[in-house]
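Q: Structure in C-alpha cells, see below.
The values are calculated or read from the model by the stated rules, or taken from the named source; none is laboratory data. All values reported here derive from a predicted model rather than from experimental measurement. All Cβ positions, glycine included, derive from the backbone under ideal geometry; neighbour counts span all protein chains shown.
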Amino acid sequence: MAESSGDIETPPPGAGGTPAGTGPHLTRSIGLLQLSAIGIGATVGTGIFFVLNTSVPEAGPAVVVSFVIAAITAGLTALCYAELASAIPVSGSSYSYAYATLGEIVAFGVGACLLLEYGVSASAVSVGWGQYLNEFFHDAFGFTLPNVIAQPPGDGGYVNVPAMVLVTLCCLLLVRGTKESATLNAVMVGVKLVVLLLFVAIAFSGFQSSNLKPFAPLGFSGISTAASSIFFSFIGLDAVSTAGEEVREPHRTLPRAILIALIVVTALYIAVALAAVGAQKWTLFQGQQAGLAQILRDVTGQTWPSIMFALGAIASIFSVTLVVIYGQTRILYTMGRDGMLPPAFASVSPRTGTPVWNTVVVSIGVSLLAGFVPLDVLADLTSLGTLVAFTVVSIGVMVLRRTHPDMPRGFRVPGFPVTPLLSVAACIYVISGLHTLTFGFFAAWLTGAALIYFGYSIKHSRLRGAD
C-alpha cells in the first residue's frame, strides 16, 4: 500500500478526515509493531509505576480485582475502538468517531474530554519521572535532587523541574518527526517490559501469602473506588487510534494493534499488582515514592535491582509522556483541520511533516501543569474524561452500524449489539465510583469547552461550512 492518505477510502462526512487533495496530510510511516508499541508504551507506565501507592490503600490486596474490572471495561471498549478504527482510519481517535456517528457538538465535547485526559495524564506521569530519578541517584551515587525542585507542589516541592525537562525533551523529539519518535518509543517499550518482568520475578521470590490477608479490608466499595482511580492507566488504547493517518494499511493494522496492546498490558498489570501486594503488606503502600523500586530493595536487601528498575522506570515514563503528548497533538490537529479550533493547530511543517506549532503549544501547557500544579486530585478527572470518551465510542459503533451498514470494516465487534451495550454499562459503573468533587471539576471543564464551541467553532466548522 502506498504511503499516502489518498489511498484510503474517504470517511463518512464529518469523520475528521480530509479527502485527498483538500488539506494537509500526515505521512504513513508506522507499521503494526510500532503501532502496537505506541499502545503499550502509552499504557504501561501511565500508572503502574506509581498508581499502586494510591490504589492499594483504597482496595488492599484486592487491588488485583480492581485491575481486572478496569481491564474488562477497557477490553469491551477496545473491541469497539477496533471496529471504528478499521472503518474510519483517521487521526483524532474518539473525537473523529463521534464526529462521524453522533455529530459535531458531541464530537467537540468528546474532543474536550480527550484534551483533558491527555494533558492531565501527561503531566501526572511526568511528575513521577523526578521520583525515579531521585531513586536512581540515591542508590547509584548517594545523593538526591532537593525536594523543592524534584517533587510536585503540595508534596514537598515548589516546581517540578525534572518533569518540565522531560516534557521539553519529548517536544523536541516529536517536532523532529513521527517515524523517529515511534522507533525510539518501540525501543523504550522493550526496556520497560524487561524491567517490569524483572520486578515480577524478584517480587514473587519474596511473596508471602499472609500479605494478602485481609484480602479486601475496605470491601467492594474500596475495590470499585480503586478501579475508577486506576482506569486512566488504560488510555494507551486510545493513543493507538490517534495515529490513524500515519499508519500503513490502517484498516487491518489499527484493530490488530489495539487488541495486541490490550492483551499485553492487562497480563502485565495483573502480574505486577499481584507480585507487589504479595511482597509487601498493603498498609505500607500509602505515601511511598518510587514504590516498586523500594519493594525490590526490601525483598533483596541490595540496591542493584532497584537501580535497574529505576532506570527502566525513567525510560518508561519518558516513553509514556512522549506518546501521550503525541496523541494530544493529533487530536488538536484534527480539530483544527475540521475548523473546530484555529487553523494554526492543523498546520504541518513541510520539512518534518509534523504539526510543529501545535506540538510546542501542547508541550508548554503540559510542562506548566507538571511543574506547578498539584495533580493528585486530577487523576480521577483523567479517568472521567477517558470513560466519557470510551462510552461515546461504544455508542458510535451501534450508530454507524445503523447509518452505514455496508461500510467496509476490517474488524467487527463480536456479539453485537450486546458487547457495545456491556461496554457502555461497564463505563458507567466505573464512573459511579469516582469522587463527587471530580464531577464538579468536569462540569467546569465542559462549560469552558461549550463557550469555545459556541464562540468560535460553530462559526468556523468545516463541515458546517460545506453545507
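Q: Can you name the number of the only condition in (1) within 16 Å of the chain's Cα centre (by Cα); (2) surrounded by fewer than 24 Cβ atoms within 10 Å (Cβ to Cβ); (3) at pLDDT 85 or above that LEU259 fails?
A: Condition not satisfied by LEU259: (3).
Q: If a residue counts only when it is at pLDDT 90 or above, which helices (runs of 4 or more DSSP H) contained entirely in region 406-467 have at least 1 such residues?
A: Hits in region 406-467: 418-431, 436-452.
Q: Could you look through region 392-405, keep only residues that are in contact (Cβ under 8 Å) with a residue 40 or more places away in the chain and either hydroxyl-bearing (Ser, Thr, Tyr) or not in a helix (DSSP H, G or I) (or both), and pick out the one that is nearest to THR73 (Cα to Cα)?
A: Filtering region 392-405 for residues that are in contact (Cβ under 8 Å) with a residue 40 or more places away in the chain and either hydroxyl-bearing (Ser, Thr, Tyr) or not in a helix (DSSP H, G or I) (or both), the one nearest to THR73 (Cα to Cα) comes out as SER394.
Q: Right, LEU375: out of contact with any strand residue (DSSP E or B) (no Cβ under 7 Å at 6 or more places or on another chain), assigned to a loop (DSSP other than H, G, I, E, B) and modelled with pLDDT of 85 or more or not?
A: Criteria not met by LEU375.
Q: Right, another one. Hey, can you tell me all the residues within region 280-290 that are assigned to a helix (DSSP H, G or I) and surrounded by fewer than 22 Cβ atoms within 10 Å (Cβ to Cβ)?
A: Passing the criteria: THR283, LEU284.
Q: Taking region 329-339 as the search range and keeping residues that are modelled with pLDDT of 85 or more and in a helix (DSSP H, G or I), which one is nearest to LEU166 (Cα to Cα)?
A: The residue in question is THR329.
Q: Look through region 347-360, keep the residues that are of a type in the set (S, T, N, Q) and outside any loop (DSSP other than H, G, I, E, B), and return whichever of them is farthest from SER457 (Cα to Cα).
A: It comes out as THR359.
Q: Pick from VAL418, VAL424, VAL397, VAL388: which is of a type in the set (A, V, I, L, M), touching a Ser or Thr at 6+ places or on another chain (Cβ under 7 Å) and closer than 27 Å to SER66 by Cβ?
A: Answer to the check: VAL424.
Q: Okay, next question. Looking only at residues in region 43-73 that are of a type outside the set (A, V, I, L, M) and over 24 Å from ALA122 (Cβ atoms), which one is surrounded by the fewest Cβ atoms within 10 Å (Cβ to Cβ)?
A: PRO57
Q: Right, here's the next one. Being at pLDDT 85 or above and more than 30 Å from ALA203 (Cα to Cα) is the filter here, so list the residues in region 302-327 that pass it.
A: ILE325
Q: From ALA310, ALA315, ALA344, which residue is without any contact (Cβ under 8 Å) to a residue 40 or more places away in the chain and either more than 18 Å from ILE452 (Cα to Cα) or part of a helix (DSSP H, G or I) (or both)?
A: ALA344
Q: I would also like to ask the following. When you scan region 370-386, do you find a residue that is among the hydrophobic types (A, V, I, L, M, F, W, C), free of Cβ contacts under 8 Å to residues at least 60 places away in the same chain and surrounded by fewer than 24 Cβ atoms within 10 Å (Cβ to Cβ), even just one?
A: no
Q: Name the single residue that is modelled with the lowest pLDDT among those in region 85-113 being under 22 Å from ARG252 (Cα atoms) and β-branched (Val, Ile, Thr).
A: Ranking the candidates gives VAL90 first.
Q: Please note which helices (runs of 4 or more DSSP H) are completely contained in region 47-138 and include at least 2 residues that are under 24 Å from GLN286 (Cβ atoms) and within 16 Å of the chain's Cα centre (by Cα).
A: 63-87
Q: Return the residues of region 203-228 that are among the hydrophobic types (A, V, I, L, M, F, W, C), over 25 Å from SER306 (Cβ atoms) and part of a loop (DSSP other than H, G, I, E, B); say none if nothing qualifies.
A: Those that are among the hydrophobic types (A, V, I, L, M, F, W, C), over 25 Å from SER306 (Cβ atoms) and part of a loop (DSSP other than H, G, I, E, B): PHE215, ALA216, LEU218.
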